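Q: Quick one: the structure is below, and I'll ask about it shortly.
The values are calculated or read from the model by the stated rules, or taken from the named source; none is laboratory data. Please read all numbers here as calculations on a predicted model, not as lab measurements. Counting neighbours? That spans all protein chains shown, and the Cβs are built from the backbone with ideal geometry, glycine included.
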Amino acid sequence: MPELPEVETVVRGLRLSLPGRTIVEVRFGKTDFVDNPAEIAERLPGARVASVTRLGKFICVRLGSNGGQRTPDSETFLVVHLGMTGQLKVIRSGEAVAPHTHVFFVLDDGRELRYTDIRRFGRMLLIPESGLAEFAGQLGIEPLEISAEEFRRFFGSRRARVKALLLDQKVLRGIGNIYADESLFRARLHPAQIAENLTKKQLLALHGAVRQVLTEAIRSRGSSISDYVDSNGQRGEFQLQHRVYQRDGKPCFRCKAKIKRVIVAGRSSHFCPRCQPSPRRRSKKALKPRMHADEHG
């Protein structure tokens, strides 16, 4: 599933080609992932792209007024979540259409913004400018913006597994399984650790690891595990730097112990048993049921 670095990479690519362009036509294939496709088809033709930004895992395309008719909500946001297999690419109109392409935004320069999604777990909707703050308020804090002290206070007061907190989009928006595992490895923390049991030093290490991992992943244009490509159809490269994610059974780059995989917060979690020792206060027998019961973000 595309996470913060992948979405940021797509946004940066779209930012180079969409602002200033006018949408002249909208065409749909499947629409089961689209909130009110009729509204999108009616309102977007004639709209001018003002900017492209990211909100957690959401791509936000700001659109100017349609036909010069200004109202309090004449500026609208086309908001797109890529789900697990979504791709949003700018392509010349004459190019062959890839399978599972479900939305076409025809631009005024002879290109199309196409949305392709094999599994259709994504989401597409329009949000008026007046509703964006409420939408954003349902999400957590941007992990690249939260201060070390805010992070320490919030995580240090929660009796939840640290992996669950990292995945909870109402806590930190944009982190998924890949970057949670990689951050915990760098901070030398077991994914099943209870957050309030961590020391100040451990919490500050985790804050630093999250920022470092996300920044490096953005620099490498994300991780291409299966379907992810950027807005130009290019794969990311951060998967070459993964230290634990999907490396179960392989030697740890630090200590050569075999990477293990367990279920924490309802998700597969990869960790080094030597670099990230299990919580000492619980036996494995007592820990196992709780690991399967946690809710993921």
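Let's see how each residue does on (1) touching a residue at least 40 places away in the same chain (Cβ under 8 Å); (2) touching a helix residue (DSSP H, G or I) at 6+ places or on another chain (Cβ under 6 Å); (3) outside the structural domain of Arg159 (by TED's automatic domain parsing):
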{"residue": "Pro191", "(1), (2), (3)": "yes, yes, no"}
{"residue": "Leu198", "(1), (2), (3)": "yes, no, no"}
{"residue": "Ser231", "(1), (2), (3)": "yes, yes, no"}
{"residue": "Glu237", "(1), (2), (3)": "no, no, no"}
{"residue": "Ser269", "(1), (2), (3)": "yes, yes, no"}
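Q: Quick one: which residue in Arg173, Arg152, Arg119 is surrounded by fewer than 21 Cβ atoms within 10 Å (Cβ to Cβ) and touching a Leu at 6+ places or on another chain (Cβ under 6 Å)? Steps first, please.
A: Numbers: Arg173 fails: surrounded by fewer than 21 Cβ atoms within 10 Å (Cβ to Cβ); Arg119 fails: touching a Leu at 6+ places or on another chain (Cβ under 6 Å).
Checking each option against the conditions leaves just Arg152.
Q: Next question, about the same structure. May I ask you to list the residues in the range 238-252 that are surrounded by fewer than 17 Cβ atoms within 10 Å (Cβ to Cβ) and within 23 Å of Leu166 (Cα to Cα)?
A: Going residue by residue through the range 238-252, those that are surrounded by fewer than 17 Cβ atoms within 10 Å (Cβ to Cβ) are 240-241, 246, 248-251.
Result: Leu240, Gln241, Gln246, Asp248.
Q: Let me ask something else. State all residues of the range 181-203 that are crowded, with 17+ Cβ neighbours inside 10 Å and either in a helix (DSSP H, G or I) or under 19 Å from the mean Cα position of the chain (by Cα) (or both); if no residue qualifies, say none.
A: Asp181, Glu182, Ser183, Leu184, Phe185, Arg186, Ala187, Ala195, Gln202, Leu203
Q: Quick one: is Phe77 modelled with pLDDT of 95 or more, in contact with a His (Cβ under 6 Å, 6 or more places away or on another chain) and not basic (Lys, Arg)?
A: Values: modelled with pLDDT of 95 or more: yes; in contact with a His (Cβ under 6 Å, 6 or more places away or on another chain): no; not basic (Lys, Arg): yes.
Spelling it out, it is not the case that Phe77 is modelled with pLDDT of 95 or more, in contact with a His (Cβ under 6 Å, 6 or more places away or on another chain) and not basic (Lys, Arg).
Q: Hey, does the range 229-251 have a residue that's outside any loop (DSSP other than H, G, I, E, B) and more than 30 Å from Leu113 (Cα to Cα)? Break it down stepwise before answering.
A: In the first step, residues of the range 229-251 are kept if they are outside any loop (DSSP other than H, G, I, E, B); the result is 238-241, 251.
So of that shortlist, the ones also more than 30 Å from Leu113 (Cα to Cα) come out as 241, 251.
Yes - at least one qualifying residue is present in the range 229-251.
Q: Among Leu78, Leu125, Leu88, which is the only one that is touching a residue at least 24 places away in the same chain (Cβ under 8 Å), assigned by TED's automatic domain parsing to the domain that holds Phe33 and within 26 Å of Val210 (Cβ to Cβ)? Steps first, answer last, please.
A: Values: Leu78 fails: within 26 Å of Val210 (Cβ to Cβ); Leu125 fails: within 26 Å of Val210 (Cβ to Cβ).
Going through Leu78, Leu125, Leu88 in turn, the sole match is Leu88.
Q: Are any of the residues in the range 221-231 surrounded by fewer than 21 Cβ atoms within 10 Å (Cβ to Cβ) and either touching a Pro at 6+ places or on another chain (Cβ under 7 Å) or among the basic types (Lys, Arg) (or both)?
A: no
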